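I have placed the structure first, in the form of structure tokens, so that the comments after it can refer back to it.
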Amino acid sequence: MSEALTKGRSSLFPLVVGGLAAIVFFLGVASAWPPLWVERRQQRMKLVGRVQAAGGWDAVKRDCLSLAETNRWYYWRRQFDNPHPLPPSLSALKPIEVNCISSETFKSDSGNPSDRRIQESGRILNSIPSPEVPTGFNEKPDVAVVRIKLFGLHSTGGHSTPFYGIEIVSGPGKEAYQPKPVHAASGNGHTSYREIEDGVYEVY
């Protein structure tokens, strides 16, 4: 009797081990799927469709320039109580976040209390290592940048949606501007950029 039980257990052991290995394997595949290159391609295709729906790059850049000209600082986030709505073309991009700091913010007269508050806001924003915050303004104050986060979601222990966004640049220092990398958790950080349109960079 005991010999039969021992044989039964020994024959079940490989099945149990194989089953556990299969579970671990499929969980690993699930967290790594889709591959980054597939997801990035999908993100770029979605951006193209959204830009077309927004009226083209000219409409997007026009609304970004308007934001930079009419706001010392502007921040919008999906699902937040945003006091100021997005311009139509930017809304059509279906962003997660929109952040704009004009070059004027960093040229403010420090004698004005309201200017000091704006400068402090800019200093705090630039000190936070977050992909939602434009960087490089202190180095190039003659540039206004509207940063639009389109994709990106961190998942602890699961599949993170990689960060993908665009930066629309205007101002005298536009030609010298380069987006800065942000080192953060998966789904939030990015290290690469490329210019896809005059004054428009994708960051990923």
request  = Can you tell me which residue among Ala54, Ala32, Ala59 is of a type in the set (A, V, I, L, M, F, W, C) and either open to solvent by 70 Å² or more (accessible area, probe 1.4 Å) or at pLDDT below 90 (or both)?
outcome  = Ala32
query = Taking the condition in a loop (DSSP other than H, G, I, E, B) and either crowded, with 20+ Cβ neighbours inside 10 Å or modelled with pLDDT under 90 (or both), does Asp115 pass?
reply = no
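Any residue at all in the range 15-25 that's at pLDDT 60 or above, open to solvent by less than 100 Å² (accessible area, probe 1.4 Å) and part of a helix (DSSP H, G or I)?
Of all residues in the range 15-25, those at pLDDT 60 or above come to 15.
Going one step further and asking which of them are open to solvent by less than 100 Å² (accessible area, probe 1.4 Å), we end up with none.
No: the range 15-25 contains no residue that is at pLDDT 60 or above, open to solvent by less than 100 Å² (accessible area, probe 1.4 Å) and part of a helix (DSSP H, G or I).
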request  = Provide a single number: the residues in the range 69-106 that are open to solvent by 60 Å² or more (accessible area, probe 1.4 Å), more than 16 Å from Arg50 (Cα to Cα) and not in a loop (DSSP other than H, G, I, E, B).
outcome  = 6
task = Would you mind finding the one in Lys174, Lys180 that is touching a residue at least 24 places away in the same chain (Cβ under 8 Å) and over 18 Å from the mean Cα position of the chain (by Cα)?
result = Lys174
query = Residues in the range 177-198 that are more than 20 Å from Gln43 (Cα to Cα) and open to solvent by less than 40 Å² (accessible area, probe 1.4 Å): how many?
reply = 1
key: Tally of residues being open to solvent by 30 Å² or more (accessible area, probe 1.4 Å) and not in a strand (DSSP E or B) across the range 160-176   = 5
remark   = Checked pairs for the range 157-171, first in contact (Cβ under 8 Å) with a residue 24 or more places away in the chain and among the polar types (S, T, N, Q), second part of a strand (DSSP E or B) and surrounded by fewer than 19 Cβ atoms within 10 Å (Cβ to Cβ), C-beta under 7 Å and 6 or more apart or across chains, list as Ser160/Leu153; Thr161/Leu153
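The values are calculated or read from the model by the stated rules, or taken from the named source; none is laboratory data. Keep in mind the model is a prediction, meaning the values are calculated, not measured. We place every Cβ from the backbone using ideal geometry, glycine too, and count neighbours over all the protein chains shown. Just the protein is used for accessible areas: all its heavy atoms, side chains included, with ligands, DNA and RNA removed. Shrake-Rupley method; radii C 1.70, N 1.55, O 1.52, S 1.80 Å.
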